[in-house]
Amino acid sequence: MKFLDQVKIYVKAGNGGHGSPSFRREKFIEYGGPDGGDGGRGGTVVIEGVPGLNTLIDFRYQQHFKARPGDGGKGRDRSGISGQDLILRVPLGTQILDETNNFILADMIKIGQKVTLARGGEGGKGNAFFKTSTKNSWFFFF
C-alpha cells in the first residue's frame with residue numbers, strides 16, 4: 001500500500017437557486033398577485049475526521065470536489081430543493097492548510113469533528129417574498 005501524507009484539493013460550494021418571478025393568473029381570480037417561490041440553498045463542503053483511515057489515498061486521483069447547487073423556485077409558492085452537502089472524510093491528525101501552506105485552517109483531532117470549508121450559497125428570493133398586504137396585486141414589480 002502506498003502511503004500518502006500530503007494532498008492538494010480544490011473545493012467549491014454549490015450556488016443557490018434562482019427565485020421565481022411567477023404570477024397567479026386564473027379565470028375567476030380578478031387580482032392574482034405574485035406567487036413565485038424562493039430558490040434552494042447550495043450545498044456546503046464539510047471535512048469530517050473519522051477513525052479507521054490511515055492515509056489520504058482517496059484524494060490522490062480526485063482533487064476537485066463540488067457540492068450540488070440548489071434548484072430554482074417555482075410558481076404557486078413552491079421553494080426550490082436545497083443542494084446536498086458534500087462530506088469529505090479524512091483520517092484523524094489531518095491538518096488543513098491554506099493555499100500557501102502558511103496558515104492552519106483546522107486540525108482534525110477528534111472523532112466526528114466537522115469543519116466547514118465552503119458554505120453553500122443562499123437561494124434567491126421569489127416575488128412572493130416581497131408581497132405585502134398593500135402591495136399584492138399583479139402590478140407589483142421588484
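Of the strands (runs of 3 or more DSSP E) lying entirely inside the stretch 29-111, the ones with 2 or more residues being closer than 25 Å to residue 124 by Cα are found at 45-50, 64-66, 86-91. Of the residues examined, residue 55 is not one that is more than 24 Å from the chain's Cα centre (by Cα), over 30 Å from residue 24 (Cβ atoms), hydroxyl-bearing (Ser, Thr, Tyr) and loosely packed, with under 13 Cβ neighbours inside 10 Å. Filtering the stretch 90-108 for residues that are under 12 Å from residue 13 (Cα atoms) and out of contact with any Leu (no Cβ under 7 Å at 6 or more places or on another chain) leaves an empty set. Across the stretch 105-119, the qualifying residues are those that are under 26 Å from residue 42 (Cα atoms) and among the hydrophobic types (A, V, I, L, M, F, W, C), and the one among them that is nearest to the chain's Cα centre (by Cα) is 118. One residue stands out among those in the stretch 36-52 that are touching a Gly at 6+ places or on another chain (Cβ under 6 Å) and either within 20 Å of residue 68 (Cα to Cα) or at pLDDT 95 or above (or both): the one that is surrounded by the most Cβ atoms within 10 Å (Cβ to Cβ), which is 39. Just so you know, in the stretch 58-88 the residues that are among the basic types (Lys, Arg) and at pLDDT 95 or above include one that is surrounded by the most Cβ atoms within 10 Å (Cβ to Cβ), and it is 68.
Look at residue 30 and say whether it is in contact with a Gly (Cβ under 7 Å, 6 or more places away or on another chain), loosely packed, with under 13 Cβ neighbours inside 10 Å and closer than 30 Å to residue 132 by Cβ. Give the steps one after another, and end with the answer.
Details: in contact with a Gly (Cβ under 7 Å, 6 or more places away or on another chain): no; loosely packed, with under 13 Cβ neighbours inside 10 Å: yes; closer than 30 Å to residue 132 by Cβ: yes.
No, not satisfied.
Here's the yes/no breakdown for (1) touching a residue at least 24 places away in the same chain (Cβ under 8 Å); (2) under 28 Å from residue 6 (Cβ atoms); (3) touching an Asp or Glu at 6+ places or on another chain (Cβ under 9 Å):
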{"site": "16", "(1), (2), (3)": "yes, no, yes"}
{"site": "23", "(1), (2), (3)": "yes, no, yes"}
{"site": "27", "(1), (2), (3)": "no, no, no"}
{"site": "35", "(1), (2), (3)": "yes, no, yes"}
{"site": "54", "(1), (2), (3)": "yes, yes, no"}
{"site": "62", "(1), (2), (3)": "no, yes, no"}
{"site": "73", "(1), (2), (3)": "yes, no, yes"}
{"site": "82", "(1), (2), (3)": "yes, no, yes"}
{"site": "85", "(1), (2), (3)": "yes, yes, no"}
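Screening residue 101 with (1) surrounded by 11 or more Cβ atoms within 10 Å (Cβ to Cβ); (2) modelled with pLDDT under 90 gives one miss only, at (1).
The values are calculated or read from the model by the stated rules, or taken from the named source; none is laboratory data. Just so you know, these numbers come straight off a predicted model, no measurement behind them. All Cβ positions, glycine included, derive from the backbone under ideal geometry; neighbour counts span all protein chains shown.
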